[in-house]
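Please treat every number below as a calculation from the coordinates, not as lab data. Remember, it's a predicted structure, so these values are computed and weren't measured experimentally. Note: ideal-geometry Cβ built from the backbone for every residue, glycine included; neighbour counts use all protein chains shown.
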Amino acid sequence: MNIYIFRKVINFNIYSIMRLVKIFKFIYKAEHPHFLSVDKEIYLRWGLLIRLIVMTNKNYKSCEIFRKKYKIMEDFVVVGLKYNGRNVKRRTSGFAKEFLDENVEVNCIYCNINLDKENATADHIIPISKGGNNTKVNLVVCCKDCNNERGNSDFNDYLALKNKKYKSLKNKFI
């Protein structure tokens with residue numbers, strides 16, 4: 001093997017390891033962010049280790065929420081939600097109406113009916129009763145009927161039951 005190529009491989013691996021150590025250290029010591037997230041590619045490769053590290057951080061509830069976009073982040077996985085040791089207030093501060101104002105032709109993620117300000121509501125991906133919180137990455141917009149029907153059942157199970165296009169997907173990016 002050419003010395004130059006060998007040196008590039010070594011430098012790349014050292015850089016990758018240092019980046020992973022930095023991510024693991026941040027997840028382990030985090031106290032203030034409302035949620036912890038990692039890039040999709042990193043999660044798909046190191047997900048088990050990342051979930052274990054999140055479980056050791058008493059400030060966060062371990063979870064797995066695949067998101068397409070949130071603010072400037074794209075294709076990432078929320079691995080931890082801030083947990084205060086008790087249920088948070090159920091106020092979502094008009095998230096559904098704000099979402100409808102920013103987006104046109106919005107449909108319910110579960111049943112695909114067209115949403116308006118009368119029938120739209122915010123649904124928690126990880127329910128409050130199971131340690132979820134009100135951060136926007138833990139909320140989706142759906143119709144009131146589906147939100148009431150779902151209750152605190154598992155998000156992925158209910159999504160696969162109601163919306164057939166999500167049934168066969170392993171990682172459901174929403």
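Worth a mention:
- Residue exposure proxy: Arg150, Arg19, Arg51, ordered by other Cβ atoms within 10 angstrom of their Cβ from fewest to most, comes out as Arg19, Arg51, Arg150.
- Candidate cross-link partners of Lys130 among the aspartates and glutamates, defined by an alpha-carbon separation under 18 Å and a same-chain spacing of 8 or more, comprise Glu64, Glu149, Asp154, Asp157.
- Straight-distance candidates among the lysines for linking to Lys164, with alpha-carbon spacing under 20 Å and chain neighbours fewer than 8 residues away dropped: Lys68, Lys144, Lys172.
- Within straight-line cross-link reach of Lys71, aspartates and glutamates at Cα separation under 13 Å, skipping those fewer than 8 residues along the same chain: Glu102
- With contacts taken as Cα pairs under 8 Å and at least 6 residues apart, segment 1-83 reaches a relative contact order of 30 percent.
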